[in-house]
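Notes follow once the structure below has been shown.
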Amino acid sequence: IIDRAKVEAARIIKEAENQAKTKLEETKRLAEDEGRRVGQEAGYEEGREERMQVLKKIEGILNSAKERHDEILKSAELEIVDLAVLVAEKIIRQEVKGDRGVVVATVKDALKRLMGKEEITIRINMEDLEIVKAHKDEFLSQTKGLRMITFKEDSSIERGGCRIETDFGSVDATISTQLEEIRDGLLQTAKEGERRGDADLS
């Protein structure tokens, strides 16, 4: 469920990046056309001075387009990421609402980060408590070294998520934390895409 939400959110980011790149490439093409026109008007073949003036004008147009592109992309970056996270959140919440087994998968994933712990406490939403308890033996068998699980109802945890506590710390697998991790990942992806775009268009 989280992976599907990540894929859809990443698709939105990629689509926005492609649209921004297309617009910049179009601006670049127009700038080059303008440069050729200016070159013809200035008598491009008539002398070095005229050629240098034309080249400077083309460079100025392209630099202006590049700066404008960067400004637009940076100002829209957070909005694009927030939109992608909203889509991911919608997917996750629909799955949680329609499939009570989602929380079981969440607990299993969280337990993978707790190998070697003998005793744990799983905090869970009241509506998920019954189904999670029903999988206790499965949790014990999949987690090496685990001998005891205590389940506690926690109204601060949304359905579909959990928080696992040990004597040495905890694993936060709540829905809000997972969405924040998706958001952080998308921001990083957007920044990497921006750097790649800069390299491609330089």
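The values are calculated or read from the model by the stated rules, or taken from the named source; none is laboratory data. Being a predicted model, the structure only gives us computed values, none of them experimental. Positions of Cβ are generated from backbone atoms using ideal geometry, with glycine treated the same way; all protein chains shown enter the neighbour counts.
Things worth noting here:
- Of the set (1) buried (at least 20 other Cβ atoms within 10 Å of the Cβ); (2) in contact with an Asp or Glu (Cβ under 8 Å, 6 or more places away or on another chain), all apply to S176 but (1).
- The condition of being under 16 Å from V96 (Cα atoms) and among the aliphatic types (A, V, I, L, M) holds for only one of L129, L186, that being L129.
- A88 meets all of the listed conditions (1) in contact with a helix residue (DSSP H, G or I) (Cβ under 7 Å, 6 or more places away or on another chain); (2) over 30 Å from L187 (Cα atoms) but one, namely (2).
- I120, sole failed condition from (1) free of Cβ contacts under 8 Å to residues at least 40 places away in the same chain; (2) not assigned by TED's automatic domain parsing to the domain that holds K14: (1)
- Pick from segment 65-106, criterion among the polar types (S, T, N, Q) and closer than 24 Å to K14 by Cα, ranking: modelled with the highest pLDDT: Q94
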